[in-house]
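Take a look at the structure below.
The values are calculated or read from the model by the stated rules, or taken from the named source; none is laboratory data. Keep in mind it's a predicted model, so treat the numbers as computed, not measured. Backbone-built Cβ (ideal geometry, glycine too); neighbour counts: all protein chains shown. Side chains included, ligands, DNA and RNA excluded: accessible areas come from the protein's heavy atoms. Shrake-Rupley method; radii C 1.70, N 1.55, O 1.52, S 1.80 Å.
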Amino acid sequence: MQALPLALMAFILYLGAASWQGLTLLRRVPQRPALVRVLGLLGLLFHLPVAFKLIDQSPGLMPGLSTSAVMLTAIMVILLLGVSLAKPVLSVAVGLFPISGIALLLAVGLPSPERTGGMTPGIALHAMSSALAFGVLFIAACQAVLLGLQNHALRHHHTRGVVQVLPPLTTMERVLFELIWAGMALLTLSIVSGFAFVESMFAQHLAHKTILSLAAWVIFAILLISHHVLGWRGMRAVRWTLGGCAVLLLAYFGSKFVLEVILNRT
């Protein structure tokens, strides 16, 4: 089956789910979490075949830019839909779902170069823990953005609109740190398994990813320790979360973009 129709259907469904949730935040429509989840799940069902096709074409340790984006966004959608059943994080769909749809459309027009070689179990553990860590921490970053908007609105005594729809500030903050703890556990597993199973984590093509991943780990560790010891919260927690996620984003996609898109190298 052609990838373009699947990507278009996923994009439409993701956009529909994100639009409804966005209108919910603006209090233009009633809350319909089941509708948002169903549309997101249907989008995911069209998303996954494209992801599997790209992964099958590039099964090596370092998949291309488009393959990585499609794989990671699929994992993030799965995580969001699952976590939203227990935690109030569904509003993250406003940003995540459109990004996932756009990643799919770009992947159809910008396929990853084919690679050879399979994964050993150890490298598979490293790859999966890396993807899950990025997914959880990206959701935490989206949660931090919502927390920042909520915090700003309350400080300026704006109690309508988004503030009325989102959970209480303390709940939003607690969920943020729960996501960061989970992401940190996965990121730690990713780094440890990388050093254990990858031949050289500081080889030329992996050095930037290793250094930036370690830097992100340090940022999130400082945030969690300072939250526990010094009581960091509010906008300071938001800024550190976004900073750590930005470093992780560079670790995962920075050199891929430069090599594959700007320099046109594989």
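Worth pointing out:
- Subset tally (residues that are closer than 16 Å to ARG233 by Cβ and without any contact (Cβ under 8 Å) to a residue 60 or more places away in the chain) for the range 164-194: 5
- Counting the residues of the range 102-139 that are under 20 Å from LEU179 (Cα atoms), of a type in the set (Gly, Ala, Ser) and either at pLDDT below 85 or open to solvent by 20 Å² or more (accessible area, probe 1.4 Å) (or both) gives 1.
- Looking only at the range 232-266, and only at residues there that are among the polar types (S, T, N, Q) and part of a helix (DSSP H, G or I), the one that is modelled with the highest pLDDT: THR241
- Test for ILE55: is it closer than 30 Å to SER200 by Cβ and touching a residue at least 24 places away in the same chain (Cβ under 8 Å): no
- Pairs are defined by a Cβ separation below 6 Å, a sequence spacing of at least 6 or placement on different chains, a first member in the range 210-239 that is of a type in the set (Asp, Glu), and a second member that is surrounded by 15 or more Cβ atoms within 10 Å (Cβ to Cβ); no pair meets this definition.
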